[in-house]
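To keep things clear, I will list the structure first and then write my remarks on it.
The values are calculated or read from the model by the stated rules, or taken from the named source; none is laboratory data. Keep in mind the model is a prediction, meaning the values are calculated, not measured. Positions of Cβ are generated from backbone atoms using ideal geometry, with glycine treated the same way; all protein chains shown enter the neighbour counts.
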Amino acid sequence: MKKYFGLFILVLLVSLSLFLAFFPAILDERQNVVVEHQPYEISPQAQELHSSLLVGDWHADSLLWMRNLSEEYDYGHLDFPRMQQGNLGLQMFTTVTKSPSGQNYELNQTDASDNITLLAMAQRWPTATWTSLAERALFQADKLHKLAAHDPENLMLVRSRIELAEFLQRRQSNPTLIGGLLGTEGSHALDGDLANIQRLYNRGFRMMSLQHFFDNKLGGSLHGTSGAGLTQFGRDAVTEMLRLGIMLDMSHSSEQVVRDTLALSDKPLIVSHTGFQGHCDSPRNISDGLMEQIAAAGGLIAVGFWDGAICGNSPATVAEAIVYGIGLVGEDHIALGSDFDGSVTTSLDGSELAAITQALLKANLNEQQIRKVMGENMLVYLQTYLF
């Protein structure tokens, strides 16, 4: 009997080891899909223009996954080599800390079981991250800090206007240098404690979104059950974020939360990854009227690359959404918000961003407009509102 029990334990341990070794990569590959396609045809004009751009993206969840971003992979959307091939210079890395089982854009219960807990365990994150959402955000931030320390020729962490200016100066002699910023995907990362805003800020976070797929202590999600606006805790959190100079991201927030935050904030808001309801009538997108209010207050709206936001995922569809956005709110208020590595399916990865420049030229945007939406608007916002 002891012999069989020992064999059972051995089989169990081997099975667990195989699970831990292969499950995270398999899940990553299945969740972050690039549709198979022929190489995109890029005209000499588009390639020349794209090579001269400072391309910036407001949203990628790459720190969630067990990839060394200094190395190139044949799955997922982003790593430094592919970013450099695509001339992606400024990247907001957002940290996912909670995601409901069965997530959808219509209705998610606050008490739904959480997908990230299992992922944290499978990827062998520190045990503190198994129960604390703040620790999950801090752990992902530490990944970026370590990458910047160990790979300074390819990545520089940007936390202030001074560091942004230093990044731009260094990029003149090192044009493949990437400037990395940190943001949260939902403020449930606060674990319900306002003091965690300072903790996250101290670790380099400079943008925070208020909700993700479900209502939280700050207020209602666009995909939650209440549709509520900011709670008193939410108002206090927004006030503290503004005091510290943290940029506010309205992605996934209920329309009432957006209205309440517009009324409370003295800083223009960001929608870091989205589409436009008038272009793509999806529950993922807030109303065009609210987008106009965000832009009128100086905000930025960053266009996503996936079907749920833009009703397609081709470079041509991304360009269509951008053209629609320019028509709605003006060329100074549109940016890129890929949602790369955010469990979405795209038709390009970070190495293929020239295909968007090509599609924008084909859509008859002029060079100035293309420069703005591909990164200049992001840069100007950061130069103005980073402390």
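Filtering the stretch 21-67 to residues that are polar (S, T, N, Q) and free of Cβ contacts under 8 Å to residues at least 24 places away in the same chain leaves 38, 52.
Any idea how many residues of the stretch 245-257 are assigned to a helix (DSSP H, G or I) and either out of contact with any strand residue (DSSP E or B) (no Cβ under 9 Å at 6 or more places or on another chain) or in contact (Cβ under 8 Å) with a residue 60 or more places away in the chain (or both)?
Going residue by residue through the stretch 245-257, those that are assigned to a helix (DSSP H, G or I) are 255-257.
Right, trim to either out of contact with any strand residue (DSSP E or B) (no Cβ under 9 Å at 6 or more places or on another chain) or in contact (Cβ under 8 Å) with a residue 60 or more places away in the chain (or both) and you get 255.
So the count comes out to 1.
Of note, residue 317 does not satisfy the criterion of being in the same structural domain as residue 73 (by TED's automatic domain parsing), surrounded by 24 or more Cβ atoms within 10 Å (Cβ to Cβ) and either at pLDDT 95 or above or charged (D, E, K, R) (or both). Of all the residues that make up the stretch 21-74, how many are assigned to a loop (DSSP other than H, G, I, E, B) and either in contact with a Cys (Cβ under 9 Å, 6 or more places away or on another chain) or among the small types (Gly, Ala, Ser) (or both)? Number of matching residues: 3. So, residue 261, is that one of a type in the set (S, T, N, Q) and over 22 Å from residue 360 (Cα atoms) or not? Answer is yes for this residue.
Taking the residues in the stretch 159-190 that are under 30 Å from residue 130 (Cβ atoms) and not in a helix (DSSP H, G or I) as candidates, determine which candidate is farthest from the chain's Cα centre (by Cα). Give the steps one after another, and end with the answer.
Filtering the stretch 159-190 down to residues under 30 Å from residue 130 (Cβ atoms) leaves 159, 180-190.
Now narrow it down to the ones that are not in a helix (DSSP H, G or I): 159, 180-186.
Numbers: 159: 17, 180: 12, 181: 10, 182: 9, 183: 8, 184: 8, 185: 7, 186: 11 Å.
Here the residue is 159.
Residue-wise test of (1) crowded, with 24+ Cβ neighbours inside 10 Å; (2) of a type in the set (A, V, I, L, M, F, W, C); (3) part of a loop (DSSP other than H, G, I, E, B).
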residue	(1), (2), (3)
192	no, no, yes
196	no, no, no
199	no, no, no
212	yes, no, yes
229	no, no, yes
238	yes, yes, no
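Take the conditions modelled with pLDDT of 95 or more, touching a Leu at 6+ places or on another chain (Cβ under 8 Å), farther than 20 Å from residue 31 by Cβ and in the same structural domain as residue 309 (by TED's automatic domain parsing) and apply them to residue 153. Does it pass? Criteria met by residue 153.
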